[in-house]
Every structure is written in C-alpha cells, then in structure tokens.
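This report concerns only the one structure given below.
The values are calculated or read from the model by the stated rules, or taken from the named source; none is laboratory data. Since we're looking at a predicted model, the values are computed, not measured. Virtual Cβ from ideal backbone geometry, glycine too; neighbours counted across all protein chains shown. Accessible surface areas use protein heavy atoms only, side chains included; no ligands, DNA or RNA. Shrake-Rupley method; radii C 1.70, N 1.55, O 1.52, S 1.80 Å.
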Amino acid sequence: MLTVLLSAFVLSFHNVTVRVLFSEHLVLGFFLLGGYVKPDLQNSLLLMFMRMLLVVPLMASLAFKLYPSAGKEFRDLFRRESTDVLLQALGCGVLMFVYIALLYVAIGLIPTGIAMTIFFTYPVFTALLAWRFFGERPTLFRWLVMMIILGGGVLTIPQSSAAYGSDTITTGIFASVGSGVVYAFYKVLAQKCLEKFHPVPFTWISFTCTLLLSGVSLLFWPRTSTQLDWTPLWIGSIFSGLVSFMGHTFNNVGIRMIGATKASIIGASSPALTTLVAWTTISETLNLIQSLGICIVTLGIALLSGESFVRRRSS
C-alpha cells in the first residue's frame, strides 16, 4: 500500500516539473524558475521526447530484470498468430502518445491540481467504453458515482482572471478532458491486450512508441528559429524522466504486492497529492470550491475502484 502511495506522490513531482518548465514560478519560496517554453502542443512534444529519451532505456534495463521472459514475448509478437496482440500493443502506444501530449498542454495552461483532477475523471469514460465494447453495463451505484465525479470536476474549473484568460482556461479544460478520454480508450485497449501479453514488455512498448512518435512529430513539425534555454530544459526533463520512471516502478511493484484493484483505490489520491505538492513547492493555491471539487473527484474514483473490489470479494 505504501509503495502505491509513494508512486502517486513521486509522479506528482513530475507534473509540477512540467508546470514549471511551461510557466515561471517561485520554487520552494526561494528560486524563481520556469517559463522556458510556451505551453503549446509543439513544445509538449519536445518535452515528451526529451523525457522519453531517458525513460525508455531505463525501462528496458528494468524489464528484463522484472520479467526474464520479456525477450521471448517480444519475439513471439512478430509471429502471424500474434498479429492482433502486436497491433493492440502498438495502438496503446499511439494512444499514450496522444494523451500525454494533451495532458502536458493542460498542465501548462491551467493549475496543475485542476488539470490532473479533470484528467482523473477518465474512469467515467472508461466505464462507458467498457459498456460499449465489453457489455459491462454500469450498475445504479456506478452511475451515481460517475455523476459525482463529473460534478466534482466541474467544481474545479477556474474562473477567468488576470492570471488565466477565458481562452486559456477553455483550451486547458478541453486538453485535460481530451487527455482523459484518450486515456480511457488506452485503458480499454490495454485490458484487451494484457489478456495475452505481460504488462512489463507491454509498458515498454507503449513508452517506446511515445518516444518514436514524438521524435517523428518534431522532424515533420520543426521548431522556428526561437532560441531555447536548453540547459534548464534538459535538467527539468531528466528530473521529470527519473521521477516518472520511479513512479511507474513503484506502481508496478505495488500492483504486484496488493493487486491492481487495491492499487487503483490508493491511486485515486493522485489529484489531491498533486495539488498538495504544487501548493508546497510552487505556491499554487486553489479556492475552497475547487478544493472541494478535488476531494469529490478523489472520493468518487476511490468508490468506483472499491465497488469492483467488493464485487470480487463477494463472488
């Protein structure tokens, strides 16, 4: 349990780091840092590529230690009878690339805790997609909790102000919701793929696809001649990659120790933890209604995850 909670806490630092790279903040009350690139899609692809340059090799080195049969499973993917699994794994890689790019844009435009909270409404879309593709009709309890999650998400939407214009807020909200929808598709397709494929090599393939797609996107969408401050960008990307790698590693270890359902209940604390980390490190504050919305979304996600846990125990 502690491992999964630590995973959510560590990944919160990744989100805050991305926020700082996009906008200037007083970090820890002492250091004025950030604002090295504009929060747009092209720069999101750049930061994603720089992060994945570190994460993919690290995950490759870990994959064969956690799962010695990973090499054999990679080779088996290219057999004719495994074509469907290969396509599903690659499809998940494409979806990961899209949802991370949109989430980076959202974090750059609106407060980190709000962006993550709206993104974490994805269980609502996952439940609807599972109903559509797997015939898992939501129960009355699940419908009620889904409405609670969406209501909490609406409460977190910031009002336009001098710091956040209406266009900025609208773009950030749409990017965050879009990221959650794409992640829901990723979760549903991953569920299908993981029935025949181990999660360790599957995760590595998803990250590798993200690295390749972000790199290709930058080749076909070259930057303008604007000079970038590469040193802090690389430092931030390396730190972001390290904490991301640690977070995913802790999460995988936690799932192995306590199971995916219990891990998802604990993982519901991610929006609240991100808000807490953003407040303590970059003094990013929210009003009472927004804080209430984050608590409601967190509770709703925990209830959704807990429902499946209770059903499994009772069956």
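Pairs meeting the criteria (first residue in segment 121-132 and open to solvent by 50 Å² or more (accessible area, probe 1.4 Å), second residue not in a helix (DSSP H, G or I), beta carbons under 8 Å, at least 6 apart or on different chains) are LEU128/PRO138; TRP131/ARG137; TRP131/PRO138. Being of a type in the set (Val, Ile, Thr), within 26 Å of the chain's Cα centre (by Cα) and at pLDDT 85 or above is a property that holds for VAL56.
Suppose the filter is farther than 26 Å from GLY93 by Cβ and either open to solvent by 10 Å² or more (accessible area, probe 1.4 Å) or in contact (Cβ under 8 Å) with a residue 40 or more places away in the chain (or both); does HIS25 pass it? Yes. Figure legend. Inter-residue proximity from segment 221-232: first residues surrounded by 10 or more Cβ atoms within 10 Å (Cβ to Cβ), second residues modelled with pLDDT of 70 or more and in a helix (DSSP H, G or I), beta-carbon distance below 8 Å, spacing 6+ or different chains. Indicated pairs: TRP221/GLN42; TRP221/LEU45; ARG223/GLN42; ARG223/LEU46; PRO232/LEU21.
If you check LEU218, LEU213 for being assigned to a helix (DSSP H, G or I) and surrounded by fewer than 20 Cβ atoms within 10 Å (Cβ to Cβ), only one passes: LEU218. The number of residues in segment 1-59 that are under 17 Å from ILE238 (Cβ atoms) and either of a type in the set (Gly, Ala, Ser) or outside any helix (DSSP H, G or I) (or both) comes to 5. What number of residues in segment 191-208 are farther than 13 Å from LEU66 by Cα and in contact with a helix residue (DSSP H, G or I) (Cβ under 7 Å, 6 or more places away or on another chain)? Here the count works out to 9. Of the residues in segment 193-202, not one is among the charged types (D, E, K, R) and either assigned to a helix (DSSP H, G or I) or open to solvent by less than 10 Å² (accessible area, probe 1.4 Å) (or both).
Evaluation of THR117 against the conditions (1) open to solvent by less than 70 Å² (accessible area, probe 1.4 Å); (2) out of contact with any Gly (no Cβ under 7 Å at 6 or more places or on another chain); (3) in contact (Cβ under 8 Å) with a residue 12 or more places away in the chain shows that the sole unmet condition is (2).
The set of residues from segment 71-101 being open to solvent by 50 Å² or more (accessible area, probe 1.4 Å) and in contact with a Gly (Cβ under 9 Å, 6 or more places away or on another chain) comprises just one member, VAL98.
For the residues GLY267, GLY254, the requirement of being open to solvent by less than 60 Å² (accessible area, probe 1.4 Å), closer than 19 Å to PRO199 by Cα, under 16 Å from the mean Cα position of the chain (by Cα) and modelled with pLDDT under 75 singles out GLY267.
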